[in-house]
1. Express as a percent, rounded to the nearest 5, the fraction of DSSP beta bridges in the chain (both residues included) that run antiparallel.
2. Quote the relative contact order of the chain in percent (integer), defining contacts as alpha-carbon pairs under 8 Å separated by 6+ residues.
3. Just the number: Rg to Rh for segment 96-214, Cα atoms, Kirkwood Rh, two decimals.
4. For segment 170-321, how big is the tail of P(r) above 24 Å, as a whole percent of Cα pairs?
5. Would you mind ranking 312, 100 so that the residue whose beta carbon has the fewest other beta carbons within 10 Å leads the list?
6. How high is the relative contact order of segment 200-331, in percent, with contacts defined as C-alpha pairs under 8 Å that are six or more residues apart?
7. Please tell me the relative contact order of segment 3-83 in percent, rounded to the nearest whole number, where contacts are Cα pairs under 8 Å and at least six residues apart.
8. Provide the gained length on full extension for the span residue 155 to residue 99, in nm with one decimal, where the gain is 0.36 nm per separating residue minus the Cα-Cα distance.
Ligand code: PHE
């Protein structure tokens, strides 16, 4: 067959193929191993004919590729039409992450104190026994030191049992006046249950200046609880004991659920126990080299999980780190 005739015939067959399978047949017929064109190419003796036949082959291959693309597009169109796919519909929403409830509350606490001019001190989870006990004038026989209460890494090093350790670290590296809060993770050998955990979050508040008294502590705690739990809150202090404060107190806040009339959250007392506090013991100042004649201070410590549980009526501490999104996604 004349090459021109062959080309015309092949081109119209390519055009005429209406499915991918038909197009494949056309390709085999005109470009396959046994096709007239391939045989002619094999038989070629002179350069000119060879070039002409090769050019023809390339034109046909290109035409097939173009047609294949057309057919594929048409098939897709048809599929879309059949399945009623509407590409203008909005896609599935991508779920958004959120801050963990404890992170939200920690930041809220930080904001309240930053608003009072305090700085946020980033403490250390591994501390010397000195920072956690000795410098805090904790008696050598005090039960909190025992390895059944505190995690020892070696004889001189513990996992921070309370954020009070950060009082010492901060005072050792700074000169007064000092106003700071130190939020952080603490560790104690407690068996996990609804209200205990071997690891939990606390934050420490420490103010050191000239002439600080228990009244400053009371006013600061009151402001904090009103900012956190509402402007009607009242605070009361009960005497207590901590090795590093004198006098020491524990403070309660009026129940934000019942307003003080009594409910399940406050165990029908109208008051909720919140934390420990006191005026910094002069012995602590001596240990870190502040002059107790010139400087005085107050400190308090609070559990962050406890605040979150109270505020949201959560019954079980363990919910915070089971990481069940059905729980966490509610906040
Ligand atoms: N560190 C004490 C505790 O964990 C709380 C506290 C902090 C008490 C500061 C007094 C002053 O129980």
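1. Working: 43 of 45 bridges.
Counting DSSP beta bridges with both partners in the chain, the antiparallel share is about 95 percent.
2. Values: 483 pairs, mean separation 46.6, N = 331.
14 percent.
3. Details: Rg = 15.6 Å, Rh = 15.6 Å.
Looking at segment 96-214, the ratio lands at 1.00.
4. Details: 4421 of 11476 pairs.
Looking at segment 170-321, the distances longer than 24 Å represent 39 percent of pairs.
5. Details: 312 12, 100 15.
Going from sparsest to densest Cβ surroundings: 312, 100.
6. Details: 218 pairs, mean separation 38.5, N = 132.
Relative CO of segment 200-331 lands at 29 percent.
7. Working: 41 pairs, mean separation 27.7, N = 81.
Computed over segment 3-83, the figure is 34 percent.
8. Working: separation 56, 0.36 × 56 = 20.16 nm, distance 3.73 nm.
Roughly 16.4 nm would be gained on extension.
Here, each number is a calculation from the coordinates, and none is a lab measurement. All of these numbers come straight from a predicted model, not from anything done at the bench. Backbone-built Cβ (ideal geometry, glycine too); neighbour counts: all protein chains shown.
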